[in-house]
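The values are calculated or read from the model by the stated rules, or taken from the named source; none is laboratory data. Note that this is a predicted model, so its numbers are computed, not measured. Note that each Cβ is placed from the backbone with ideal geometry, even for glycine, and that neighbours are counted across all protein chains shown.
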C-alpha cells in the first residue's frame, strides 16, 4: 500500500517494535505476520490517520472503532486471530458499528471460556476448540443484538438461548472442530441457520 512519506514515518514509529508472530509452522507464522502488516497499513491509512480528503468529522464513532481495532492489532499475538481477521468483515464493522463478528482476541477467549467446563483431549486440540467455543458464544451475542434490533418473535430468542446453553455445556473438542465454518465470516450465518432450523445442535453422544 502506498503511504506518503510523513504517514509512512508515523506508521513505522507505531509499529517498529512489533514482534514476529509465532505459529505452529513457519509458513503459518509468515502468513499471519504478512496479514497483520497489511491490515495495520489499511486501518492506519484509511481510518486512524485518514487523509484530509477522506476525513469525515461527522463520524467520530468510526474513528473510535478503528482505534479500538488498531490497539488490538498492536497487542494481539495469536496467529489465528490475524488469519481469521483477514476473512472477517472488520472494515464493515469499523464503518457501521453493526455487531458484525470479529475474531476473538486472546482476552475474549479467556473471558468466554471462564467458568465453563474443561474440554477433554490433546492440549493443542483443546486450545483450538476453546477458540471455536469462544467464537460461537461471541456470535450468539452478536446475533442477539440483531434480533433485538429487528424485534423478532420470542421463539427465536428462546432458540438462541438453547443454542448458547448447548455450546456452554459441551466438553468434547471434536464437537467444536466439526462445526467450525470453513470461512470465518460464515460464523454468523451458522448461528442464523441454527436459529432458523427447527432443531438445536445436539450434544455429542457418549
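Right, residue 158: part of a loop (DSSP other than H, G, I, E, B), over 19 Å from the mean Cα position of the chain (by Cα) and modelled with pLDDT under 95 or not? So residue 158 fails the test. Within the range 138-155, one or more residues are within 16 Å of residue 201 (Cα to Cα) and surrounded by 18 or more Cβ atoms within 10 Å (Cβ to Cβ).
Of all residue pairs spaced 6 or more apart or on separate chains, those with beta-carbon atoms under 6 Å, a first member in the range 62-81 that is touching a residue at least 40 places away in the same chain (Cβ under 8 Å) and a second member that is crowded, with 17+ Cβ neighbours inside 10 Å and in a helix (DSSP H, G or I) are 79/32.
Name the pairs whose Cβ atoms lie under 7 Å apart, with the first residue in the range 143-158 and over 16 Å from residue 193 (Cβ atoms), the second surrounded by 11 or more Cβ atoms within 10 Å (Cβ to Cβ) and at pLDDT 85 or above, and 6 or more positions between them or separate chains? If the second residue must be surrounded by 11 or more Cβ atoms within 10 Å (Cβ to Cβ) and at pLDDT 85 or above, the pairs left are 157/147.
Within the range 113-125, the residues that satisfy the criterion of being surrounded by fewer than 16 Cβ atoms within 10 Å (Cβ to Cβ) and on the phi < 0 side of the Ramachandran plot are 114, 117, 118, 120, 122, 123, 124, 125. Do the conditions hold for residue 6, that is, is it modelled with pLDDT under 95, closer than 19 Å to residue 91 by Cβ and not assigned by TED's automatic domain parsing to the domain that holds residue 124? Criteria not met by residue 6. Number of residues in the range 100-110 that are surrounded by fewer than 18 Cβ atoms within 10 Å (Cβ to Cβ) and either within 17 Å of residue 176 (Cβ to Cβ) or assigned by TED's automatic domain parsing to the domain that holds residue 38 (or both): the value is 1. Which count do you get for residues in the range 175-186 that are in a helix (DSSP H, G or I) and loosely packed, with under 14 Cβ neighbours inside 10 Å? So the answer is 2.
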